[in-house]
Amino acid sequence: MKNFYAHNIFALALAVPATIAQQQAPQPQQPAHHGVPGTFEILGKSLVNAQQMFLGSFDKVYITDRAENNPGQINGHPAWAEEWDLRNNDQRAMEIVTNSFCAGGGVMGDGTWSIVGGNQAVTYGGMTADRQDGGGPYNDLDGRNSVRLLTKSPDGNMQWTISPTAIDQRWYPTVETLEDGSMIIIGGCRTGGFVNDPGQNNPTYEFYPSRGQPVHSPVLENTLPTNLFPLTWLLPSGKLLVQSNWQTILMDYKTQNEQPLDDMPAAVRTYPASAGTIMMPLTPTNNYTATIMFCGGSNVPTDQWRAPGFNAMETPTSASCVQITPDVSGRYRDVEPLPEPRVLTSLIHLPDQTILALNGARKGTAGYGNDTWAIGQSYSDDPILTPLVYDPKATAGKQWSSDGFSPSTVPRMYHSSATLLPDGSVFISGSNPNSDWSDLPELKYPSEHRTERFFPKYYNMRRPQPKGLITQFSYGGPSFDVSLDSADLFGDVANVVGATVVIIKTGFSTHAINMGQRLLQLQSTYTGFSNNTALLHVAQLPPNPAIIAPGPAWVFVVVNGVPSVGVEVMLGSGKIETQPILPTTTLRDPSMVKAVDDDVTTSGNNGTKSSAGVRMRVGVDGIGGWLCLLPAWLVVGSAHLLGW
Ligand SMILES: [Cu+2]
């Protein structure tokens, strides 16, 4: 019999298209790093200021900065890019060639990270350099037209290369990855400054890889002067939510149409008001409907930003939190406000579907300058050192909480950044409200290179070690099973009922925005067994890449609010292309099975009876039975399409 089944599995495997091959991921283990939950740990000092930062692989964080007088050196000049090795906190300065000052960035469907746009070549103090083709103290080139790509060099290390395809000049552009894994690059200005002005505005968007000339955007034309880093998310409808100054639109980039939604209430959320912003978790419960949240910012009338009497220290910061569900309604609604007003806040998805708020200040705005009211050069003051967590499931009045959290010792204001790490801790670096790198002792807010980790409450809990995760997810397609043993379930199989499988894109962090950050809970059901083991039956991604764009991401299995260590996965085909959409399969009904052998009467994750099935023994500790793990692709002809 064994040979019979093996033969059939082999024959059927040949029929599976390559796009849905399910390659098993290594079993996640316990975190390698030790930390105290609710606290920060200083890891060391970065070589360059963390103006921009992202998690590039399991153990590498990439930090980039503007061209400035950083302590880190490369090729005989100060560096403004580096790689941080999470295993040992070793750092490697990197050459990035052009000035990536206030650049945007993101990761494409083929897994390539990019940093887009920037400023002219500069010399000391951020002053424009005499020449734009290199030389001078920083040997930087004009970066306004640059798309920089993180690629593998012949020596095996990652390196920054400049794409031969130039973009239009963009300082402070936003990048969002689209359904096909390409990027839209939106907005920015040409020569820089605290806020934008008509003489240098670039009210257009374009694509990388290029789709031709930039396209004019009315909302970017009409929202001066605070239209820099326009807050942009791809929505499940395939349209983009674009929020800029007080205006909000639905942008259909395919038809070049902009539809106005409600004006933003309470506060400006875009730079330099710099609210915390995030797309809320996309879940089966909300039918993968996108809701965007904006928290904090500054209530500054449009004509005040450039007025002679402007004083950032006197602009009222906001505690307001609002949400909008733009594919359903153009209306903003208030949600629980922040405990105190703040700006420059990074909102970070944690795998337990709470949101961590950290970095920022009670007073002022983003930016810096030689103004009499500035603190040194800083336009912000009174840093907020204790993180908060937002739990929309908590009772009213307690949704924002800092219970159990100790403060950091490091102010994190303008030009700081933060990203989730695979072990569920959060990596934080930067803060540099100065025109050039400086650690002069008289500065209240010197250029900050101390780099930290924050450890959420679950950090030291024994992590689930699920078996059966896969390395590549398709849009629709066959479900798969993940096994959890008794330890993974904290000794009680009932804990499988609330277990979740979540995909997180950690995003590209800069200026309190994590561009492209997203959390999606996969649809799943379970079979629990009497010996406190269980299977999770897990769907692929919803069959719509606008819900979560193709490209690299992390998958976590979360039991009792405790996440496994994340496993790096690829969403989609791994190419920049129209993504294949496969039929979805209906997951089998959730069940608790008293006797292990009861389960063999039913087969397949899709609830199809065993007559269509092939039984195989799986290495699930403690189950000890014959379980049918027939992948759904065997019966794809009978699959039910879900109504997404
Ligand atoms: Cu900046």
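Report, by residue number, each residue of the range 78-137 that is within 27 Å of L234 (Cβ to Cβ), open to solvent by 40 Å² or more (accessible area, probe 1.4 Å) and free of Cβ contacts under 8 Å to residues at least 60 places away in the same chain. Within the range 78-137, none qualify. Only one of the numbered conditions (1) open to solvent by 20 Å² or more (accessible area, probe 1.4 Å); (2) of a type in the set (S, T, Y); (3) in contact with a Ser or Thr (Cβ under 8 Å, 6 or more places away or on another chain) is not met by T451, and that is (1). The condition of being within 16 Å of the ligand (Cβ to nearest atom) and either small (G, A, S) or more than 22 Å from the chain's Cα centre (by Cα) (or both) holds for only one of G397, G367, G404, that being G367.
Taken as a whole, the range 213-220 holds no residue that is assigned by TED's automatic domain parsing to the domain that holds M280, in a strand (DSSP E or B) and open to solvent by less than 10 Å² (accessible area, probe 1.4 Å). Scanning the range 251-280 for residues that are of a type in the set (K, R) and either within 21 Å of the chain's Cα centre (by Cα) or outside the structural domain of R211 (by TED's automatic domain parsing) (or both) turns up just one, R269. Once the range 74-105 is narrowed to residues that are part of a strand (DSSP E or B) and closer than 22 Å to G193 by Cα, the residue that is nearest to the ligand (Cβ to nearest atom) is G104. Counting the residues of the range 58-71 that are more than 16 Å from the ligand (Cβ to nearest atom) and touching a Phe, Trp or Tyr at 6+ places or on another chain (Cβ under 8 Å) gives 5. Residues of the range 286-307 that are over 13 Å from W233 (Cα atoms), touching a residue at least 24 places away in the same chain (Cβ under 8 Å) and not aliphatic (A, V, I, L, M): N287, Y288, C295, G296, G297, S298, N299, T302, W305, R306.
Under the condition of being over 25 Å from G516 (Cα atoms) and not basic (K, R), which residue from the range 332-364 is farthest from the ligand (Cβ to nearest atom)? Among those that are over 25 Å from G516 (Cα atoms) and not basic (K, R), it is P339.
Quick check on L241: is it outside any loop (DSSP other than H, G, I, E, B) and without any contact (Cβ under 8 Å) to a residue 40 or more places away in the chain? Reasoning before the result, please.
Values: outside any loop (DSSP other than H, G, I, E, B): yes; without any contact (Cβ under 8 Å) to a residue 40 or more places away in the chain: no.
No, not satisfied.
The values are calculated or read from the model by the stated rules, or taken from the named source; none is laboratory data. Note that this is a predicted model, so its numbers are computed, not measured. Methodologically, a virtual Cβ is constructed for each residue, glycine included, from the backbone with ideal geometry; neighbour enumeration extends over all protein chains shown. Surface areas here come from the heavy atoms of the whole protein model, side chains and all, with no ligands, DNA or RNA. Shrake-Rupley method; radii C 1.70, N 1.55, O 1.52, S 1.80 Å.
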